[in-house]
Amino acid sequence: MIRIVKLTLQENRVDEFISNFNKNKQAIRNFDGVKHLELLNDKNNPNIYFTYSKWESEQHLENYRNSDLFKGIWKVTKPMFSSKAEAWSVDCLEKL
C-alpha cells in the first residue's frame, strides 16, 4: 500500500518543518511495516511538500497513526500548515 500526504506549509515554517522531518525520519522509516519513505517538494510551490511512503498493509499504517511517534510528530507539524493536510492511500496497479 502506498500513502501520499500533501503538506502545505506556512512559508516562514519550512525550515522548521525540514528540521523536524530530519530529526524523525529514521524513526518513521524504521517503524514496523514501513517499506519506503520519501519527502518530496513541489517544483513550483516551495512551501508544498509530499510524503510518499510504502506500507506492508493498511493495519501497519493504522498502527503508526495511533502510535506515540506519530502523535508527537503531528503535534509539532500541524501548526506549521497553511491549509489542511490531504492524504491518499493507493495501490500500485502497474510498475514499468
Next item on the list: Amide H neighbours of Ala87 under 5 Å, at least 5 residues apart or on other chains, H built in the peptide plane: list them.
Entry: Lys6
Check: How large is the dipole of the stretch 1-42 about the Cα centre if only Lys and Arg carry +1 and Asp and Glu carry -1, each at its Cβ, rounded to the nearest 20 debye?
Finding: 220
Checklist line | Environment charge of Pro79, counting only residues whose C-beta is closer than 13 Å and scoring Lys/Arg +1, Asp/Glu -1 | finding: +3
Margin query: Keeping every protein chain present and rolling a 1.4 Å probe, give me the accessible area per residue for the stretch 1-65 in Å².
Written below: 61
Checklist line | Local electrostatic count, His60, Cβ distance below 14 Å [Lys/Arg +1, Asp/Glu -1] | finding: +1
Next item on the list: Pick out, in residue order, every one of the trypsin sites (Lys or Arg not before Pro) in the stretch 11-96 that is DSSP loop and has at most 10 other C-beta atoms within 10 Å; say none if there are none.
Entry: Lys43, Lys84, Lys95
Checklist line | Carbon and sulfur %, accessible surface of the chain computed with the full protein complex present, 1.4 Å | finding: 48
Notebook entry, point to check: Which entries of Lys25/Lys95; Lys6/Lys35; Lys25/Lys78; Lys23/Lys71 show an alpha-carbon separation above 22 angstrom in the structure shown?
Noted result: Lys25/Lys95
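The values are calculated or read from the model by the stated rules, or taken from the named source; none is laboratory data. Quick caveat, the model's predicted, so the values are computed rather than measured. Neighbour counts are summed over all protein chains in view; Cβ atoms, including those assigned to glycine, are modelled from backbone coordinates with ideal geometry. With ligands, DNA and RNA removed, areas are computed over all heavy atoms of the protein, side chains included. Shrake-Rupley method; radii C 1.70, N 1.55, O 1.52, S 1.80 Å.
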